[in-house]
Ligand SMILES: Cc1cc2nc3c(=O)[nH]c(=O)nc-3n(C[C@H](O)[C@H](O)[C@H](O)COP(=O)(O)O)c2cc1C
């Protein structure tokens, strides 16, 4: 796959095959993240690979959040079903990663480090795609809850969770959708 093919064909994957992604493949994919550009070589990215026990705890919290978000008119039985579906959905993601960035120094440095860590994420997504592995970036409330920082042992005063990444072999690849480039370019004289 050429770089252009990877950029154009990569899609966010929501449905995964149940097969686990081997640890070596996860590590290889993540190793592309550290080559993202970053100002002053702060290397702010951090990758937390979530183990099975932690994943179950997060799935319980995901379930609770889905139930809390359900409109008040939904009865208890259906609320419980929504919760169960949430638990299953979370558990169906073969690997869950948290990506965070160190947040130190002044506002400008924090912005630069956040931007660099997001570049790292896209490197990882493209490397994954090239290896036949799909990902979904999630900023669901569970990903950034104070209890998640606690669970993962991250200090929110020093580190910011950018998102969770669900990783696995794609079962379904959604169709792309973008405006034409001419709609988003401005040329100044
Ligand atoms: C910062 C960020 C946060 C995202 N959070 C979510 C999310 O919480 N839930 C979700 O379904 N997709 C999330 N996505 C994935 C986008 O929905 C996805 O990139 C978009 O549909 C475009 O699809 P593509 O990646 O296949 O081009 C997020 C993407 C980004 C960049």
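Looking only at the range 95-117, filter to residues that are within 11 Å of the chain's Cα centre (by Cα) and farther than 10 Å from residue 163 by Cα; which one of those is farthest from the ligand (Cβ to nearest atom)?
Only one residue fits best here, namely 95.
Any residue that is more than 16 Å from the ligand (Cβ to nearest atom) and either in contact (Cβ under 8 Å) with a residue 24 or more places away in the chain or under 19 Å from residue 126 (Cβ atoms) (or both) - is there at least one of those in the range 5-17?
Yes: the range 5-17 contains one or more residues that are more than 16 Å from the ligand (Cβ to nearest atom) and either in contact (Cβ under 8 Å) with a residue 24 or more places away in the chain or under 19 Å from residue 126 (Cβ atoms) (or both).
Residue 74 is checked against (1) crowded, with 16+ Cβ neighbours inside 10 Å; (2) over 21 Å from residue 152 (Cα atoms) and fails just one. What number does that condition carry?
Of everything listed in (1) crowded, with 16+ Cβ neighbours inside 10 Å; (2) over 21 Å from residue 152 (Cα atoms), residue 74 misses just condition (1).
Any residue that is within 16 Å of the ligand (Cβ to nearest atom), part of a helix (DSSP H, G or I) and either at pLDDT 95 or above or touching a strand residue (DSSP E or B) at 6+ places or on another chain (Cβ under 7 Å) (or both) - is there at least one of those in the range 79-86?
yes
Does residue 90 satisfy the criteria of being over 15 Å from residue 45 (Cα atoms), within 16 Å of the ligand (Cβ to nearest atom), touching a helix residue (DSSP H, G or I) at 6+ places or on another chain (Cβ under 7 Å) and touching a residue at least 24 places away in the same chain (Cβ under 8 Å)?
So residue 90 fits the description; yes.
Looking at the structure I just gave you, is residue 122 within 11 Å of the ligand (Cβ to nearest atom) and either in a helix (DSSP H, G or I) or closer than 26 Å to residue 8 by Cα (or both)?
The answer is yes for residue 122.
Of the residues 46, 61, which is touching a strand residue (DSSP E or B) at 6+ places or on another chain (Cβ under 6 Å) and either over 18 Å from residue 18 (Cα atoms) or not in a helix (DSSP H, G or I) (or both)?
None of the others qualify; the one that does is 46.
Going by the structure shown, is residue 99 at pLDDT 95 or above, crowded, with 16+ Cβ neighbours inside 10 Å, in contact with a strand residue (DSSP E or B) (Cβ under 8 Å, 6 or more places away or on another chain) and closer than 18 Å to residue 140 by Cβ?
Criteria met by residue 99.
Are any residues in the range 21-47 crowded, with 18+ Cβ neighbours inside 10 Å and either at pLDDT below 95 or under 16 Å from the mean Cα position of the chain (by Cα) (or both), and if so, which ones?
21, 26, 29, 30, 32, 33, 45, 46, 47, listed by residue number.
The values are calculated or read from the model by the stated rules, or taken from the named source; none is laboratory data. Predicted, not measured: the structure shown is a model, and the values here were computed from it. No Cβ is skipped: glycine too gets one built from the backbone with ideal geometry, and neighbour counts run over all protein chains shown.
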